[in-house]
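To start, the structure itself, in structure tokens.
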Amino acid sequence: PTRRSSDLSAPQLVRALEHQRELVSHARPVMEYLFDQTRDTDSMVILADAQGMLLQALGDATFVDRAQRVALRPGASWHEQWRGTNAIGTALAVGQPVQIHSSEHYCAGIKRWTCSAAVIRHPQDGEILGVIDVSGLSETYSRQSLALAVTTASRIESRLAAREMELRYRLLEGTMNRWSACAGDGLV
């Protein structure tokens, strides 16, 4: 397919990845673990931001080539506005895990696929940060795909929460050190 106006150029994708650095860095190891578990199953693991922009995709090389032909590649937008009903866009729209099977997809090129997606929320305020998706051809569909997406999103959220706590502890420790350095003097 041709590049849509919603899709990013290579330099724009680099900027988007930099902007989403924290999400990507916490998601990547979890995605790699899931990919190792699903290797050779004609499926892939995809990370998208809160606007449905694909940031990263992992899958077997031959399968990734096939996915790129239907715009399942970093820099492509899978927001419902641009692609109609699809797991990534629909999960973002409803804020819930979803599975879109075959003909439930709006785009003709992806009607042979089954895609399962779950949103990733910020540990502090619940804001949607992105979505994790497990996509594959419908003939290799597994009932566990949706559970894998939900579990993967939860693991990413846990990593983000641990980082948030680490930052808070560091701030508290720095504050306590300054307080103790005052040696009983007043502090405003």
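Brief remarks follow.
- Checked against (1) more than 15 Å from the chain's Cα centre (by Cα); (2) at pLDDT 90 or above, Ala50 meets all criteria but (1).
- Comparison of Val98, Val150 shows that the only residue that is within 12 Å of the chain's Cα centre (by Cα) and among the β-branched types (Val, Ile, Thr) is Val150.
- Residue in the range 32-54 that is open to solvent by 10 Å² or more (accessible area, probe 1.4 Å), free of Cβ contacts under 8 Å to residues at least 60 places away in the same chain, assigned to a helix (DSSP H, G or I) and of a type in the set (D, E, K, R) present: yes
- Qualifying residue in the range 13-29 (condition: not in a helix (DSSP H, G or I) and not hydroxyl-bearing (Ser, Thr, Tyr)): yes
- Residue within the range 59-74 that is of a type outside the set (Ser, Thr, Tyr), in contact with a Leu (Cβ under 7 Å, 6 or more places away or on another chain) and not in a loop (DSSP other than H, G, I, E, B) present: no
- Residue, least open to solvent (accessible area, probe 1.4 Å), within the range 91-123, restricted to residues that are among the polar types (S, T, N, Q) and farther than 29 Å from Ala162 by Cβ: Thr114
The values are calculated or read from the model by the stated rules, or taken from the named source; none is laboratory data. None of the values given here were measured: they were computed from a predicted structure. Here the Cβ is made from the backbone with ideal geometry for all residues, glycine too, and neighbour counts use every protein chain on show. All accessible areas refer to the heavy atoms of the entire protein, side chains included, with ligands and DNA or RNA removed. Shrake-Rupley method; radii C 1.70, N 1.55, O 1.52, S 1.80 Å.
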